[in-house]
Amino acid sequence: MRVPRMIAVTLAGAAVLVPAAACSSDEPAPGRAPQAATGTSATPTPTPEPTHPFTGLPGAARRPVLAVKIENTSAGKPQLGLKSADIVYVTQVEAGLTRLIAVFSSKIPAKIGPVRSARITDLRILPQFGKPAFAYSGAQTKMLPHIAAAPLFDVSDSRAAGAYFRQPGRYAPYNLFADTKRLLAGAPKASRARDVGFTFGEAPAEGGTPRKLFNVRYPAARFAFGWSEKAGKWLIWQDGKKNMAAEGGQLAAPTIVVQYARTVRSEFHDKNQSYTPLVHTVGKGRAVVLRDGMAFKARWSRASEKEGTVFTTESGEPMNFAPGQVWVVLAAPKPVTP
């Protein structure tokens, strides 16, 4: 009869002899993880599904970034493609009017428009996206060197003419639309979506004021954002009229960010000698974040043009946005009273 090999184990100061086989079944070999006991199964920790940095929505691919300059007067409405944008920036232009920069990545519509001319503020906003594709139609001659030097892929109507077409039923210059697939084909190395400072999640527990309507005024344009409990979004009005989409329905977003930023005269002006505003989006300032039928006082900061904008509560905590499309309304500074 073979005698089992014995080993000594020190237990509470006493040496005890036990069979070697007794410690071999439950102890892993060096460098190997323990095995689950027979008849049981280990429950793996679920891995959170990645979310898109522009919207906070899960399952969205980080496709190349396409930014498009869009008309925003009654002559150019209804706009096509805005409902699919991840981020929509509202910026002031000449004569106190506004235009939009629609940013796409997670979902890109087939067509977008009306496409209009670029402005100097666009070149201050876009570097945070890396080197995106930028679609626009023309620019002031003095601005062309600035566009050429900017970190972007130029897919304007002068560089990617085959991507543009005139939409029947509209009149120039408000009838220029673009095929987004062809636009991106002209910028095969456009940067993919990356962090631009936004955080998404539950609303702050404190600091919000219930609001059903919030107004933003420009010298020659008026916006109203009205909370719809049914839609779970802020419905958008402009100049007293519903902002309708060409695809159908009223434009709306779960998060509206009213970012108050210093607005000054730039060196550029239009043919009527009306100056082109330059919105300073680098630095620090105040904001109001609209979400869930509430208005939250917030702070914004952006260290450089290549970095995104961070939004915090007044106490310094992250100011989470509601997942989904985000409108960033760049307005001149004013007392912030949600």
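The values are calculated or read from the model by the stated rules, or taken from the named source; none is laboratory data. Just so it is clear, the structure is predicted and the values come from calculations on it, not from any experiment. Backbone-built Cβ (ideal geometry, glycine too); neighbour counts: all protein chains shown.
Mind telling me which of the residues GLY138, GLY169, GLY81, GLY76 ends up being touching a residue at least 24 places away in the same chain (Cβ under 8 Å) and either on the phi > 0 side of the Ramachandran plot or among the charged types (D, E, K, R) (or both)? Talk me through it step by step, then tell me what you get.
Numbers: GLY138 fails: touching a residue at least 24 places away in the same chain (Cβ under 8 Å); GLY169 fails: touching a residue at least 24 places away in the same chain (Cβ under 8 Å); GLY76 fails: either on the phi > 0 side of the Ramachandran plot or among the charged types (D, E, K, R) (or both).
Testing whether each residue is touching a residue at least 24 places away in the same chain (Cβ under 8 Å) and either on the phi > 0 side of the Ramachandran plot or among the charged types (D, E, K, R) (or both) leaves just GLY81.
Taking the criterion of being over 25 Å from GLN128 (Cβ atoms) and either hydroxyl-bearing (Ser, Thr, Tyr) or under 21 Å from the mean Cα position of the chain (by Cα) (or both), would at least one residue in the stretch 172-179 satisfy it? Checked against the condition, which is being over 25 Å from GLN128 (Cβ atoms) and either hydroxyl-bearing (Ser, Thr, Tyr) or under 21 Å from the mean Cα position of the chain (by Cα) (or both), the stretch 172-179 yields at least one hit. Just to be sure, is GLU94 at pLDDT 55 or above and over 30 Å from PRO323 (Cα atoms)? Yes: the conditions hold for GLU94.
Give the stretch 211-231 a look and list any residue that's in a loop (DSSP other than H, G, I, E, B), small (Gly, Ala, Ser) and in contact (Cβ under 8 Å) with a residue 40 or more places away in the chain, or say none. ALA220, the sole residue that qualifies. Among the numbered conditions (1) under 30 Å from ASP292 (Cα atoms); (2) free of Cβ contacts under 8 Å to residues at least 40 places away in the same chain, the only one that PHE200 does not meet is (2).
Every condition in (1) under 21 Å from the mean Cα position of the chain (by Cα); (2) in a strand (DSSP E or B); (3) within 23 Å of VAL65 (Cβ to Cβ) holds for GLY197 except the one numbered (2).
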